[in-house]
1. How do Val398, Val334 rank by accessible surface area computed with a 1.4 Å probe, from largest to smallest?
2. Please label the shape of the stretch 89-208 as rounded, prolate or oblate, based on the square roots a ≥ b ≥ c of the eigenvalues of the alpha-carbon gyration tensor (a/c under 1.5 means rounded; beyond that, a/b larger than b/c means prolate, else oblate).
3. So for the pair Lys183, Ile314, with labels modelled 7 Å out along Cα→Cβ, what separation do we get in nm?
4. Just grab the label-to-label distance for Arg402 and Arg58, each label 7 Å out from Cα along the Cβ direction, in nm (one decimal).
5. I need the Kirkwood Rh of the stretch 28-114: take the reciprocal of the average 1/r across all distinct C-alpha pairs and report it in angstrom.
6. Go ahead and estimate [θ] at 222 nm for the chain from helices alone: -39,500 (n - 2.57) per DSSP H run with n ≥ 4, summed, over the residue count, rounded to 500.
7. Using amide H atoms built 1.01 Å from N in the peptide plane, name the residues 5+ places from His63, or on other chains, whose amide H lies under 5 Å from its own.
8. Cα-Cα pairs above 21 Å in the stretch 141-251: how many percent?
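The values are calculated or read from the model by the stated rules, or taken from the named source; none is laboratory data. Predicted model only: the values in this text are computed from it and were never measured. Reconstructed Cβ throughout: ideal geometry from the backbone, glycine too, with neighbour counts over all protein chains shown. Heavy atoms of the whole protein, side chains included, go into the accessibility calculation; ligands, DNA and RNA do not. Shrake-Rupley method; radii C 1.70, N 1.55, O 1.52, S 1.80 Å.
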Amino acid sequence: MADRVTVIGWDGSPLTAAARAALGAATLVAGAAHHLALPEVPPAAERIRLGSLGLAARRIAAHRGTAVVFADGDPGFFGVVRTLRAPEFGLEVEVVPAVSSVAAAFARAGMPWDDAQVVVAHRRTLRRAVNVCRAHTKVAVLTSPGAGPAELGLLLDGVHRTFVICEELGTEREQVSVVTSDKAADHTWRDPNVVIVIGGPVQPGAPTEGGWLAGRDPGAGPRGWTQPGETYGPLGEGETDLLRAAQLARLGPRVGDLVWDIGCGSGAFAAEAARAGAAVIAVDRDVAACGRTEIAARRFGVQPQIVHGTAPHILERLPEPDVVRVGGGGAAVVSAVADRRPQRIVTHAATRDAAELVGRDLTEHGYQVECALLQSVELDTRAWTETERSVAFLLSGVLPDRAP
């Protein structure tokens, strides 16, 4: 095992005395090409070009001597420290930090970032990173080859955002560009880069003067998964407060998800799913329903993408969902949704026959199906008399091979 491992963060500034001392004693130095080219690297030291962090960590663990690992920015912030400290390598590390690339990017843009979401985009997480950019008004994206500004812009089709793209921070080739998301794919961007994605209304929970929590406060806004129906105006069939609460509980929308709300009606479900931090695409064939959804979104400071069109045909143009609520369209729409293989689907039916039809179709698509008969009775508590009664079959389908 290496006698000592020092991780040095590098932001383009001259190395500190502590970093120079560790580097001068190193018998192994690992880093990117521009790190290994630094004049302070001892000529006799073994050099490892960082590619696979796991492979490099195994070589460092087997090394007899003193090792130094270079990383851009703060190596403890989405960096190599986590990998090196993994139990299978048994490494104890000392860290010489630097300004993180995210902090540097916001500094170049002259913007605060305590209200920003920070995500990492690589090929496996790119879609979820894009969903965060859909849902939130300020996001910093740590990119990687194949998951950079061009790919972000392409996947944000139909959603307008402003990109502040910071290339090769801390180097002589550093460049900061501002483009709209639809133009990002027109350029070739140099790695490494950080993309600040900005757009949409100010959200409840974003820190203001005196804020106490970085990022978006998930507890901001009125309490409760669902809000009283009068918050949204007239509710349509299948939009009662208790049914919406049950649908939200079954779907469990969260940050990084893309939710489809098909037949969005008043916009109640779309707004409440967006309040959970998920990206939402709300679909309705009724122009007035789309308008009501926009009003509901503005009320809560969330930003679903609202699509006017008739399902199931309009669904062919939409990006892949994680979870879906089908508020209208019946069995044909549920079947079309199941063809897209989201993790979870919820819908409702007014009769048992309709519920059985939908349930059989979901089962044939490989979903595990649950159905419950929900009955709610509203009472006037002044006289404890019944004022309204609603009954609905709640159906939910979970795809076993995709359900986390």
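1. Largest accessible area first, the list is Val398, Val334.
2. rounded
3. 3.0 nm
4. 3.4 nm
5. 14.1 Å
6. Computed ellipticity for the chain at 222 nm equals -7500 deg cm²/dmol.
7. Ala2
8. Counting pairs separated by more than 21 Å, the tail of P(r) holds 59 percent.
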